[in-house]
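Everything below concerns the one structure shown next.
The values are calculated or read from the model by the stated rules, or taken from the named source; none is laboratory data. Just so you know, these numbers come straight off a predicted model, no measurement behind them. Cβ placement follows ideal geometry from the backbone for every residue including glycine, while neighbour counts extend to all protein chains displayed.
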Amino acid sequence: MIRRRDFLAGAGALAAGTTFGIGGASAQNIRLRYAHVGSEGDIQYWYGDEAGKRIPKVTGGRVTVQVFPNSQLGGVQELIDGVRSGAISMGHHEFASLARLAPDIAVFNAPFVYRDGAHALAATDPQKSEVLIAFNETLVKGGGMRIVGRLFRGARQMTAKMAVLSPADLQGKPFRGVPLQLWTTMIKGFGAIPTPVEVGELPTALMTGMVVGQENPLTMINANKLYEVQSHVMLTGHMQNVLPVFVNEKAWTSLGDADRKAILAEFETMAQETLQAANKAEAELVGELKKKGMTVITEKEGLKVAEFRERVMAEVNKDFPTWKGYMDRIAAIS
């Protein structure tokens, strides 16, 4: 593993977007540093690894990529600051992590803002989505970076120790929420009482009844053996988790036009691959969780997704009043 201090010590010798001259590589060769916080086994790790392999191929070796996964160059704040300054060329993380640079960009994390994973990718397409393109202009002007791709991590679903068909079933009950305002807003929309619980303490909190339920992607539900302390999983699909891939603007413009187009095309291919992988994994995990004793509830079994959407969106509109226009524009994207 490359230590962060070793990276910083060598940053001056190999700055992001450096063009090598005599004595180094050819004048067209550029090395990009790609950093992210994902660990091995996560789709984030796969994406970064693939970017490191594919970008040199599609650019004929003119652009190479050195990948730093698992927070090797620091946490989220260091990642964003590093891409802004150019010490890190490229990375990926939640849209909400860019909110300091582009107010309201966390709308892309909003619950029920997407119809499904395909819609989520369409709405966050840096080449076609007029909503994303507008935010990109803000990022370039205020943050010195732009979004050039995205990856899909899957949908977040709800689990509980009983069947939950509508917000009425959670009324007044403690439900685990991520300690962020957006999640607090969403859990209130579920009808429940938002109760922060660390991930490591979640199984115990569910077992003891400190909280009656929680929400997460099926991969996390299975990996953390929540089927041992929860009896039902409700396929609400209330959040479609898309992570933007962003790049330092100077590093990006230092690439040739043909190479930029090739990278954008490859990132689009990779985005669609993550969607296919997530859909396949979800279908398999539904069957696996059933085998492990969980009851899976969909709209066919009476799950009132429309009621959850209506209640949650009312809370979002109240707590994030500037988002409605963006959400309407996102909804209109086909």
* When residues of the stretch 243-278 are limited to those that are in a loop (DSSP other than H, G, I, E, B) and of a type outside the set (A, V, I, L, M, F, W, C), the one surrounded by the fewest Cβ atoms within 10 Å (Cβ to Cβ) -> GLY256
* Looking at the stretch 64-99, which of its residues are closer than 25 Å to PHE135 by Cβ, at pLDDT 95 or above and of a type in the set (Val, Ile, Thr)? -> VAL65, ILE80, VAL83, ILE88
* Does LYS300 count as touching a strand residue (DSSP E or B) at 6+ places or on another chain (Cβ under 7 Å), part of a helix (DSSP H, G or I), more than 30 Å from VAL58 (Cβ to Cβ) and not small (Gly, Ala, Ser)? -> no
* **helices (runs of 4 or more DSSP H) fully within the stretch 174-242 counting 2 or more residues that are in contact (Cβ under 8 Å) with a residue 24 or more places away in the chain and under 22 Å from the mean Cα position of the chain (by Cα)** => 181-189, 218-223
* Asked: SER334 passes all but one of (1) surrounded by 17 or more Cβ atoms within 10 Å (Cβ to Cβ); (2) among the hydroxyl-bearing types (Ser, Thr, Tyr); (3) at pLDDT below 95; which number fails?
  -> (1)
* Which one of the conditions (1) under 21 Å from TRP183 (Cβ atoms); (2) in contact with a helix residue (DSSP H, G or I) (Cβ under 7 Å, 6 or more places away or on another chain) does PRO126 fail to meet, given that it meets all the rest? -> (1)
